[in-house]
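Peer 1: Quick one: the structure is below, and I'll ask about it shortly.
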Amino acid sequence: MVDINLAVIQGPLSAEPELRTLPSGSEVANLAVRASAGEHTTSVPVSVWDPPAWIAELSSGDDVIVLGAVRRRFYRTGTGRGSRVDVEAVFVGRSGKRQSGTVARRVEATIAALLGDGAQSMKAATQRR
């Protein structure tokens, strides 16, 4: 049996993107995507490493589609240690018909990588941004 960690989220942003440059020089954009499951709606935190420039132009309410993996991150707080769960994006696009084919190909490539030759294919699938 193969473990699969694949998240596909489509919905409007519930807040403006938060863009940061880390001391290492890496850039990260934090998004909050509103997703519905039946009658329930939740805001899903998404991390986009080395985001494309157009991410900075997004506004609250803009529709996006995200392909990524669920991650749990640990950090230190003033009183100990904390954690948070988010989706680490390998692809982010504006929602719409033009993106559906791209997302479908990315999902297929990611699943093939997970089921096939593992790390090499996964690296190739996630680097095609």
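The values are calculated or read from the model by the stated rules, or taken from the named source; none is laboratory data. This structure is a prediction, so every number in the text was calculated from the model and none was measured. Every residue, glycine among them, receives a Cβ derived from its backbone with ideal geometry; neighbour counts consider all protein chains shown.
Peer 1: Which residue is surrounded by the most Cβ atoms within 10 Å (Cβ to Cβ), if the candidates are limited to the range 88-129 and must be modelled with pLDDT under 70 and either assigned to a loop (DSSP other than H, G, I, E, B) or touching a Pro at 6+ places or on another chain (Cβ under 9 Å) (or both)?
Peer 2: Arg129
Peer 1: Here's something else I'd like to know. Do you know which of the residues in the range 21-55 that are touching a residue at least 24 places away in the same chain (Cβ under 8 Å) and among the small types (Gly, Ala, Ser) is farthest from Gly11 (Cα to Cα)?
Peer 2: Ser26
Peer 1: Out of (1) at pLDDT 90 or above; (2) assigned to a loop (DSSP other than H, G, I, E, B), the odd one out for Asp3 is which?
Peer 2: For Asp3, the exception is condition (1).
Peer 1: Filter the range 56-87 for residues that are assigned to a strand (DSSP E or B) and of a type in the set (A, V, I, L, M); which is nearest to Ala15 (Cα to Cα)?
Peer 2: Val64
Peer 1: Right, something else. Would you pick out the residues in the range 6-55 that are of a type in the set (Phe, Trp, Tyr) and either assigned to a strand (DSSP E or B) or surrounded by 14 or more Cβ atoms within 10 Å (Cβ to Cβ) (or both)? Walk me through how you get there before you give the answer.
Peer 2: Going through the range 6-55, the residues of a type in the set (Phe, Trp, Tyr) turn out to be 49, 54.
The one that is of a type in the set (Phe, Trp, Tyr) and either assigned to a strand (DSSP E or B) or surrounded by 14 or more Cβ atoms within 10 Å (Cβ to Cβ) (or both): Trp49.
Peer 1: Where the second residue is surrounded by fewer than 17 Cβ atoms within 10 Å (Cβ to Cβ) and at pLDDT 75 or above and the first is more than 15 Å from Asn5 (Cα to Cα) and of a type in the set (Val, Ile, Thr) and lies in the range 103-121, which pairs have Cβ atoms under 8 Å and are six or more apart or on separate chains?
Peer 2: Note: pairs meeting the criteria are Val103/Val8.
Peer 1: Please go through the range 37-67 and give me each residue that is under 17 Å from Leu6 (Cβ atoms), at pLDDT 90 or above and small (Gly, Ala, Ser), ordered by number.
Peer 2: Ser47
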